[in-house]
1. To the nearest 0.05, how large is the calculated FRET efficiency for ASN219 and ILE277 if R₀ is 25 Å and r is the Cβ-Cβ distance?
2. Between LEU200 and residues 5 or more places away or on another chain, which pairs have amide H atoms under 5 Å apart, with H built 1.01 Å from N, and which residues are they?
3. Once both labels are modelled 7 Å past Cα along the beta-carbon direction, what's the GLU310-VAL110 spacing in nm?
4. In nm, what is the difference between 0.36 nm times the number of residues separating ASP226 and GLN379 and their Cα-Cα distance?
5. Which order do the peptides 315-323, 242-250 come out in when sorted by mean C-beta neighbours inside 10 angstrom, highest first?
6. Can you send over the carbon and sulfur percentage of the accessible area for the stretch 126-168, probe radius 1.4 Å, protein chains only?
7. How big is the stretch 156-196 in terms of Cα radius of gyration and Dmax, in angstroms?
8. So what's the net charge close to ARG258: Lys and Arg +1, Asp and Glu -1, counting the other residues with Cβ under 12 Å from its Cβ?
Amino acid sequence: MGPGEDEAPQAEELSDEEVSPDWTPQEKALHEAKMKAKAKRRLRRTSSRDSARESESADGTVEPVSPRGKVNDRKSRMGKGRGLPKKGGAGGKGVWGAPGQIYSYQEPDVRDPNYDESAQGATVYQKVVPELDEAELQKAVHPMVREYFEHGDTGEVIALLCELNLGGQRPEVSRLAVSLSLEGKASHRELTSRLLSDLLVKVLTEEDMARAFDKLLANLPDLILDTPEAPQMLGQFIARAVADHALPLNFLDRYKGRVDCEHARAALDRAAVLLRIKREIIRLDNVWGVGGGQRPVKHLVKEMNLLLKEFLSSGQVSEAERCLRDLEVPHFHHELVYEAVVMVLEGSVEGHIMMVVKLLKALSDSGMITLDQMNRGFQRVYTELPDLSLDVPNAQNVMEKLVDLCYQEGAITQQLRDQCPLRGRKRFVSEGDGGLVKQ
């Protein structure tokens, strides 16, 4: 129905309506004012509708209507629904609906305050760990390997690695462990070889290990900058891994005639030589030697005796320091002090006394032998001095001279010098003393 059709009935209503003859002039004037106001409101309403339709037909767009006029409007502003009230008008805040209303079954919502987890049956929880990238893997593995060098427990490392989502970064674990051990000690490399053997099957596969050593061989030019002996060490790692069945047996055969880098060729040649020498031995256990604290005490004592004999023949303090550092037994340095003092007491050569004093002073000044280890070594000699004097009658005099020289050079403290037992002197009564005992 158009706007013209609406105006005709309105005009007819105004013309057909008659004014009662009984009305007073004031009532007639009021009636006319009401009719005019009513007509104006209808006219204004129809004109606004017509203008909106004309603009819509011309531009094809509808201007948004300000929501200020709909502040008290209870209809939905989302453009959905039929504009009916919620729950059929039978509900309000905190009301379930009209009496007798039956609702269909709805799935329980975990965010519902009344949600009961135990009533929902067996619940399966799954922990999702994101896959690590290269930077995150290095940040996680570096402290893990350094801590492993301290405690030597491969089981703890495996447990920590199983908690990570390595994904395609699994070969990087072996590569990072070997790279860190190249910069460390021989005992660290021994621990790394054991770790590679234990990681097999549980964390890594033979192909993962092979890919790790492929990258190490390719990065040898960079590794040599920090570790000049990297080719020989990497060759020993490869030989040990093949002997421990951590690498495929045909790993060396893959590189025959395909190596252009001289450093990689040197590493592979070193591995081939070790495997050829030890072909009848299942494991190359001694490829890195035995770690410091893991060596038998008899072996350590023998090594220190050889060290002292070599020093007494050559007199090179720096070489003695290097050999002592390579033993990696700082808790057992008191044995070196003990063996050096006993060697002097049994030899009692003037030149050897000065050389031992020089060695002890150098080791004390460099911090190689701590004050505690120095005191323990001398105190052991003090305790056994009566037994040593039975074999070497002049041991007491030599000991006093050695202690005085060490104190003068600053190798020992005054308290340790004062603890040295004095030589016992026998006092006899002579005829001219009047029967008195000499004091």
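The values are calculated or read from the model by the stated rules, or taken from the named source; none is laboratory data. All figures in this text were calculated on a predicted structure; none of them were measured in a lab. Cβ sites come from the backbone with ideal geometry, for glycine too, and all protein chains shown count toward neighbours. To get the accessible areas, we keep the full protein, side chains included, count just its heavy atoms, and leave off ligands, DNA and RNA. Shrake-Rupley method; radii C 1.70, N 1.55, O 1.52, S 1.80 Å.
1. It comes out at approximately 0.40.
2. none
3. Result for the modelled spin labels: 6.6 nm.
4. On the way: separation 153, 0.36 × 153 = 55.08 nm, distance 4.24 nm.
Going from the current span to full extension adds 50.8 nm.
5. Numbers: 315-323: 14.4, 242-250: 18.1.
The packing order, highest mean first, is 242-250, 315-323.
6. Carbon and sulfur together cover 50 percent of it.
7. So, for the stretch 156-196, Rg and Dmax equal 11.0, 31 Å respectively.
8. Combined, the nearby Lys, Arg, Asp and Glu give 0.
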